[in-house]
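The values are calculated or read from the model by the stated rules, or taken from the named source; none is laboratory data. None of these values were measured; they are calculated from a predicted model. Every residue, glycine as well, gets a Cβ built from its backbone with ideal geometry; the counts of neighbours run over all protein chains shown. For the accessible areas, the whole protein counts, side chains as well, though only heavy atoms, and no ligand, DNA or RNA atoms are used. Shrake-Rupley method; radii C 1.70, N 1.55, O 1.52, S 1.80 Å.
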Amino acid sequence: MAEPLFTPEQQKTFDTELAEILTHYPPDRKSAAMLPAVRLLQSLKGWCPPEGLTLVAERLGVTKERAYEVASFYVMYHLKKPGKYVVDVCTNLSCSLRGAESLLGYLEDKLGVHAGESTEQWTLRETECLASCGTAPCLQINEDHFENLTSREKVDAVFAKLK
Ligand code: FES
């Protein structure tokens, strides 16, 4: 038998919070709540499993394909279970000019994971501009932002603080 998507407590939270989210949208436009609904799913599961997207689709009255389309468009939604830490390294122009490729290569060696891949501990990704071009190069670890990573010592100091 398949494992349930949510624990009973998670199911209660999902139902309660989705109901609250839906109060912000017209009853005949529930599909407009797709982004916060997918965000809610990810906050409870840590990622967006297919059965979770199917549930979101059912609750919003759209097809599961529509939920997948939306979730797959945004990099902040994880369609595969990520590592404990998601490390996003900006490789856009300003960061690239300030050594982003070297930073990414260093992290691949340091973390033992290739860009675009995950281990239980790490997900390492190249990402688009993180809106910190003036303090490039930069990266984000989960929801924390780090900039001016112009030396390996600075990078090491950031990672040394992770628990
Ligand atoms: S180019 Fe890297 S933050 Fe903008």
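Within the range 106-145, if we keep just the residues that are among the acidic types (Asp, Glu) and more than 13 Å from the ligand (Cβ to nearest atom), the residue that is farthest from the chain's Cα centre (by Cα) turns out to be 109. Is it the case that residue 64 is in contact with a Phe, Trp or Tyr (Cβ under 6 Å, 6 or more places away or on another chain) and open to solvent by 50 Å² or more (accessible area, probe 1.4 Å)? So residue 64 fails the test. Out of the residues in the range 45-76 that are farther than 19 Å from residue 13 by Cα and not in a helix (DSSP H, G or I), state the one that is nearest to the chain's Cα centre (by Cα). Filtering the range 45-76 for residues that are farther than 19 Å from residue 13 by Cα and not in a helix (DSSP H, G or I), the one nearest to the chain's Cα centre (by Cα) comes out as 76.
Considering the range 134-149, and only residues there that are farther than 22 Å from residue 46 by Cβ and assigned to a loop (DSSP other than H, G, I, E, B), the residue that is most open to solvent (accessible area, probe 1.4 Å) turns out to be 147.
Within the range 80-95, the residues that satisfy the criterion of being more than 7 Å from the ligand (Cβ to nearest atom) and open to solvent by less than 50 Å² (accessible area, probe 1.4 Å) are 82, 83, 85, 86, 87, 88, 89, 91. I'm trying to understand the selection: among the residues of the range 130-163, which are touching a Phe, Trp or Tyr at 6+ places or on another chain (Cβ under 8 Å) and of a type outside the set (Val, Ile, Thr)? If the condition is that a residue be touching a Phe, Trp or Tyr at 6+ places or on another chain (Cβ under 8 Å) and of a type outside the set (Val, Ile, Thr), then 138, 139, 140, 142, 152, 162 are the ones that fit.
Here is the figure for the range 25-35: residues that are open to solvent by 40 Å² or more (accessible area, probe 1.4 Å) and touching a residue at least 12 places away in the same chain (Cβ under 8 Å) total 3. Restricting the first member to the range 85-106 and to residues that are under 9 Å from residue 137 (Cβ atoms) and assigned to a helix (DSSP H, G or I), and the second to residues that are open to solvent by 20 Å² or more (accessible area, probe 1.4 Å) and near the ligand (Cβ under 7 Å from one of its atoms), the beta-carbon pairs closer than 6 Å and six or more apart or on different chains are 94/133.
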